[in-house]
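Down below is the structure, laid out as structure tokens.
The values are calculated or read from the model by the stated rules, or taken from the named source; none is laboratory data. These figures come from a predicted structure and were not determined experimentally. Using ideal geometry, Cβ is built from the backbone for each residue, glycine included, and neighbour counts are taken over all protein chains shown.
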Amino acid sequence: MPFHFKFIWLPLLLCLLGSTFAMATGEVNLYSARKEKLIKPLLDRFTEQTGIQVNLVTGKADALLQRLQSEGRNSPADLLITTDAGRLHRAKEAGVTQPVHSEILTSTVPSSFRDPEGHWFGLSLRARPILYVKGKVDPAQLSSYEALTDPKWKGKICIRSSGNIYNQSLMASMMAANGATATEQWAKVFVKQFARPPKGGDRDQIKAAAAGICDIAIANTYYLAGMLTSNDSAQRYAAEQLAVFWPNQQGRGAHVNISGAALTKAARHKENAIMLLEFLVNESSQAWYAEANGEYPVRSDVQPGDLLKAWGEFKVDRLNLGQLGELNPGAVRLMDRAGWK
Amino acid sequence: MQTVENESAWSRPSIRMNAWRIGVPLIALLLSVPVLVVLSYLFEPAGEVWQHLVDTVLQDYVINSLLLMVGVAMGVLLVGVSTAWLTSMCQFPGRSLFEWALLLPMAIPAYIIAYTYTGLFDFAGPVQTLLRDWTGWGYGDYWFPEIRSIEGAALMLSLVLYPYVYLLSRAAFLGQSICVLDVSRSLGNGPWRTFFMVALPLARPAIVAGLSLALMETLADYGTVQYFGVSTFTTGIFRTWYGLNNAAAAAQLSAMLLLAVFALIILEKGSRRQARYHHTTQRHQALTRFQLNPRQSLMAFLICSGALLFGFILPAGQLLWWALTTAEESLDSRFLSLISHSLLLAGAASILALLLALFLSYGKRRRGSWPATIAVRVAGMGYAIPGTVIAIGVMIPFAAFDNALDEWMRLQFGWSTGLLLSGTLVALIFAYLVRFLAVSLQTVEAGLGKIRPTMDEVARSMDTGPGEIVRRVHMPMLKGSLMTALLLVFVDILKELPATLILRPFNYNTLAVRAYELASDERLADASYAALTIVVVGILPVILLSRTITRSRHAKST
């Protein structure tokens, strides 16, 4: 097979060359756990306005964090973007981030959504309320996450598996509020309320509720928003069967997580990176998040889109989200013990 | 697989010999590094997290993984071997179409088929909705197979993995000397007896090679089982790593997985230690296929079309439907760059993997020293480890090397080299080689195993040099296996996700990355474009390969 040999070197050469193009100045390098589709439009706008080129690698947060760690001080990444606070906290613990001192960031991002020392900042809020099937559930019967263990909801709740970070964060927030022991007691009852063994993603829980498998689904609001604006009539129909109930409004508030960003310790384009962070919390970017992603703006002076407004205003759990990272391993163990698949 | 007994002719002290003696273990060792990195965590203390795992979830992980493997093994053997036998040895309408079409399911990533089947057959999907509309039933009024279950996961994986068994066992059936089969028939054995008594045992190494590939891929699967909510060893690894934030325990789980696979391989090898599978004659005659009667033809047609329908037409049709009706994605220049990136990576890495597999398996065949054998085995283990874990195993040594070099250069010359290899396509292609070497290695070895050492000896006795033997004796016989190896790896890399995701350079996307990003965001319809393109790009080599195999068979029948 001699013909193979001639062609090998060409792609290899191309590969080596491929690595050098992210080295020019006037740029900023991102490791992003936020999917390209959900951040690229904003980054393009940033490049348009500032002329700063944004280079992007997307991936899973933990793997990106591992990459950052092993690359050490030579890492090309300037910013790490994740879709939950726990991973940002973990990055800080791993010592791969550095504090940012920016008047703009500290004044626009509420203190519970950023690291006290400035290692990370929230960019948008991801709320995880209770969704119920209209007509089947009287919202007056609902009150809090804790009250979902009431016998009247037995076999009526759909929620995805405990392997998912959203559920882990929710449990961590409950541990922070009620303590580990009480939360474990609660979880042991809660898993018995499930209509079926956990499977699928958040959209699947919404679909299942609409199809009559359960009356209550727990899902992040942007999935509901995504379904309501979908091209697929079946998804729109399913989503229209459900309404949002904001739990724990008498108490600590509904559970939220953030998408957020941290400046890496190895950052070589520090100024550009901070400029990008500040850009991401400005009013028009925040409005875009709310409009395009169905997430809530992190700053209270920016209104969410019409769709989100229709679900009403709600009280947010003001727990400092760094706690979610600290409590996460405990939350997973607790769910293991409770038999939450 | 086969040690040449008379080594003296090969052992001329020359540079060439040293290249084999040193090169084989060296390359094998290099490719083993990521696996060894994972294994090295065995010695890292993981704390009391193990007690927690044993107390709560470990049992589930083990049992579910075993059940899944048993299910997939049954599925791929049943479908793969039967269709291979039918298309290579029997004559029935549609046979020449099935010959290549049966390979198509391998172009569909397992998690994508899982999504499409869920979309079709889930409670909220069109099939069950239609059923309820017709009958007026509600939830709980009727029984319907639950697609998102461990049985469902085994089915999904079987549907996309049976082509491994099909491909390898078909090549084996085609390569079998007709004389052997004729002898069987002349002894009064019918097609069934010939199949079970002669053809099947003779094809065993190839079938086992295909099966072990399918099972290794099953063990490494994350997307399907995670979506179906089945807790397996792989989901456990990620849960321990991400959720419990314990990388050491996660790597130890991976290492356990590796040891289990290693034990399986040794066991299989041991069980056929005495048997040799070379053919005693090269006298092939034009293949006379069993002519099936109409009833048998119908059965054969149904079996083959069933595999094709459920493995390809249904999921691809669902993807096409999504792409046409609901997707928001459009074909722009960015999309074209996804295609070219995917092609470049898959092309370069599959060719490299083939060359390495050839080099290593020849090295083993010629000088089967045990360190080389073990190193080659270890290098081939990467296939059973979840892609993300392998990617980390690549990332750590590459970054360590880069940083050490950088440190040294700074100290010596005050000049920083930064990250030389990390974050480049070199690291990524290396990861592909580690992950998919098993595929090319198994296929090439299965092909080499059929070539009798006596043929080499005869050629040598006629004063033919080693290079000449390879070129003129082995290559014509190996051609089918080599093409198979090339194609399998090519398609595997097209589909590969976790390593691509984490090791790729900035702004470098592939079809698989795009499909995954949208699918994992639960936007299946939008993912359909990229997923379909993977399928289309994968089909072309599938057809080419099938033609080559068929031709190589004809060429041999003189």
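Points worth noting:
- Pick from region B:526-558, criterion modelled with pLDDT under 80 and of a type in the set (A, V, I, L, M, F, W, C), ranking: surrounded by the fewest Cβ atoms within 10 Å (Cβ to Cβ): B:A555
- Residues that are in contact (Cβ under 8 Å) with a residue 40 or more places away in the chain, out of contact with any Asp or Glu (no Cβ under 7 Å at 6 or more places or on another chain), outside any helix (DSSP H, G or I) and charged (D, E, K, R) are absent from region B:376-398.
- Qualifying positions in region A:282-323 - in a helix (DSSP H, G or I) and in contact with an Asp or Glu (Cβ under 7 Å, 6 or more places away or on another chain): A:Y289, A:G322
- Test result for A:K199, within 14 Å of chain B (Cβ to nearest Cβ), surrounded by fewer than 24 Cβ atoms within 10 Å (Cβ to Cβ) and more than 16 Å from A:A243 (Cα to Cα): no
- Of the candidates A:A182, A:A234, A:A239, the single residue that is under 23 Å from B:F121 (Cβ atoms), free of Cβ contacts under 8 Å to residues at least 40 places away in the same chain, surrounded by fewer than 18 Cβ atoms within 10 Å (Cβ to Cβ) and of a type outside the set (S, T, N, Q) is A:A234.
- Filter result for B:A260 (assigned to a helix (DSSP H, G or I) and modelled with pLDDT under 85): yes
Yes/no per residue for (1) at the interface with chain A (Cβ under 10 Å from one of its Cβ atoms); (2) within 20 Å of B:A220 (Cα to Cα); (3) buried (at least 23 other Cβ atoms within 10 Å of the Cβ):
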site	(1), (2), (3)
B:I385	no, yes, yes
B:T388	yes, yes, yes
B:A391	yes, yes, yes
B:F398	yes, no, yes
B:E407	yes, no, no
B:L411	no, no, no
B:G414	no, no, no
B:T417	yes, no, no
B:A427	yes, no, yes
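- Those residues of region B:130-143 which are modelled with pLDDT under 85 and within 15 Å of A:I213 (Cβ to Cβ), in sequence order: B:W137, B:G138, B:Y139, B:G140, B:D141, B:Y142, B:W143
- Test result for A:S143, touching a residue at least 24 places away in the same chain (Cβ under 8 Å), of a type in the set (G, A, S) and crowded, with 22+ Cβ neighbours inside 10 Å: no
Residue by residue, here is whether (1) in contact with an Asp or Glu (Cβ under 7 Å, 6 or more places away or on another chain); (2) more than 30 Å from A:R299 (Cβ to Cβ) holds:
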{"site": "A:K136", "(1), (2)": "yes, yes"}
{"site": "A:A140", "(1), (2)": "no, yes"}
{"site": "A:A147", "(1), (2)": "no, yes"}
{"site": "A:T221", "(1), (2)": "no, no"}
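- The listed residues are A:R87, A:R67, A:R34, and the only one of them that is within 12 Å of chain B (Cβ to nearest Cβ), modelled with pLDDT under 95, in contact with a Leu (Cβ under 7 Å, 6 or more places away or on another chain) and crowded, with 20+ Cβ neighbours inside 10 Å turns out to be A:R87.
- Condition check for A:G294: under 20 Å from the mean Cα position of the chain (by Cα), on the phi > 0 side of the Ramachandran plot and within 14 Å of chain B (Cβ to nearest Cβ): yes
- Residues that are facing chain A (nearest Cβ under 7 Å), in a helix (DSSP H, G or I) and free of Cβ contacts under 8 Å to residues at least 12 places away in the same chain, drawn from region B:494-522: B:E517
- Restricted to region A:223-275, and to residues there that are charged (D, E, K, R) and more than 10 Å from chain B (Cβ to nearest Cβ), the residue that is nearest to the chain's Cα centre (by Cα) is A:R252.
- Within region B:456-467, the set of residues being in contact (Cβ under 8 Å) with a residue 24 or more places away in the chain and surrounded by fewer than 23 Cβ atoms within 10 Å (Cβ to Cβ) comprises B:E457, B:R460, B:P466.
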